[in-house]
């Protein structure tokens, strides 16, 4: 078997929803590959594809954007580090996790140098796999939100340049932090979510994750509250 693709129960291989990601698992050891796929298939809503060599993985990467790449380090013809480097040239927003059974001292530095998000050591631990993949998926979500906010910022800048003064950069609104507390609902009444506060909370998460600059955060918040 050179390559196999596995579709989730919620979407076919030709489609995926906004909340679904495409995971590509790569390992020349089919036993490890099947184990990893089995661990993730139990509770992930995302689509998964697998490849037993880097060359096949690159073919898949050229065919369709991959959100999360989980690759072994030592493989014939190309290391996992080289694969991550090539994959991120094809898809700059791709999040990658390096899996290795060789914990050399410079491994984390070398992994970060090619853009890896995280590392996992063999033998794989079930709990660790789920936690690290969950964190990686959260990173993907934040990157997507950041991209959407940047589009909104660019649109706001263009509107300001064409029709009026640029939004002023002001200090945070008094009484509202990055994560404002949600008022407790009255007894017997369901809590109503405030969409403005939800948007503000998402902005705060992007800012704290380093995906928005302070200027972009303040501009987005001003736009959210109608400040011009």
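No lab work stands behind these numbers, since they all come straight from the coordinates. This is a predicted model, so every value here is computed, not measured. When we count neighbours, we look across all protein chains shown, and the Cβ atoms used for this are built from the backbone with ideal geometry, even at glycine.
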query = Given a cut-off of 25 Å, what percent of all Cα-Cα pairs of region 56-168 lie beyond it?
reply = 35 percent
message = How would 102, 217 line up from fewest to most surrounding beta-carbon atoms within 10 angstrom?
response = 102, 217
task = List 220, 34 from most exposed to least, where exposure is judged by having the fewest other Cβ atoms within 10 Å.
result = 34, 220
ask   = Which residues in region 75-95 have a backbone N closer than 13 Å to a point placed 7 Å from the Cα of residue 62 along the Cα-to-Cβ line?
value = 87, 90
key: Order of 203, 35, 90 under a 10 Å beta carbon neighbour criterion, fewest first   = 90, 35, 203
ask   = Which FRET efficiency value, to the nearest 0.05, do you get for residue 102 and residue 213 by plugging their Cβ-Cβ distance into 1/(1 + (r/R0)^6) with R0 = 45 Å?
value = 0.75
key: Estimated Rh, region 3-124: Kirkwood, alpha-carbon pairs, angstrom   = 14.4 Å
